[in-house]
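Written below as structure tokens is the structure these notes are about.
The values are calculated or read from the model by the stated rules, or taken from the named source; none is laboratory data. Worth saying up front: this structure is predicted, and the values here are computed from it rather than measured. Ideal geometry is used to build each Cβ from the backbone, glycine not excepted, and the neighbour counts take in all protein chains shown. Accessible surface areas use protein heavy atoms only, side chains included; no ligands, DNA or RNA. Shrake-Rupley method; radii C 1.70, N 1.55, O 1.52, S 1.80 Å.
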Amino acid sequence: STSPSPSQKPKSELVRTSLRLLTSSAYRLQSECKKTLPVETCPTTDIQLVTQQVIQCAYDIAKAAKQLVTITTKENNN
């Protein structure tokens, strides 16, 4: 791919931001899900709270993915 021109800079920055959100959310999702495994579950684990965290992470992943789709779709249409 060609190096971005100054006018594309914000776009590549948006992509990076979305990818960072995607990566951090996926990492959080993984760690939250691990808490529900019998091996890591301690008696004090609040499954309802963990479930809410999982839902939040999944939402963030979906949001980041949607941002990426929006950015790349706009890019392809130009």
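Let's see how each residue does on (1) open to solvent by less than 80 Å² (accessible area, probe 1.4 Å); (2) of a type outside the set (A, V, I, L, M); (3) touching a residue at least 60 places away in the same chain (Cβ under 8 Å):
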| site | (1), (2), (3) |
| --- | --- |
| Lys11 | yes, yes, yes |
| Leu22 | yes, no, no |
| Ser25 | yes, yes, no |
| Thr36 | yes, yes, no |
| Cys42 | yes, yes, no |
| message | Restricting to region 11-54, count the residues that are under 13 Å from the mean Cα position of the chain (by Cα) and of a type in the set (Val, Ile, Thr). | response | 4
| query | Is there a residue in region 48-56 that is modelled with pLDDT of 90 or more and either crowded, with 16+ Cβ neighbours inside 10 Å or touching a Leu at 6+ places or on another chain (Cβ under 8 Å) (or both)? | reply | yes
| remark: Of those in region 14-64 that are of a type in the set (Ser, Thr, Tyr) and in a loop (DSSP other than H, G, I, E, B), the residue farthest from Lys74 (Cα to Cα) is Thr44
| task | Return the total of residues in region 62-75 being open to solvent by less than 40 Å² (accessible area, probe 1.4 Å) and closer than 12 Å to Arg20 by Cβ. | result | 2
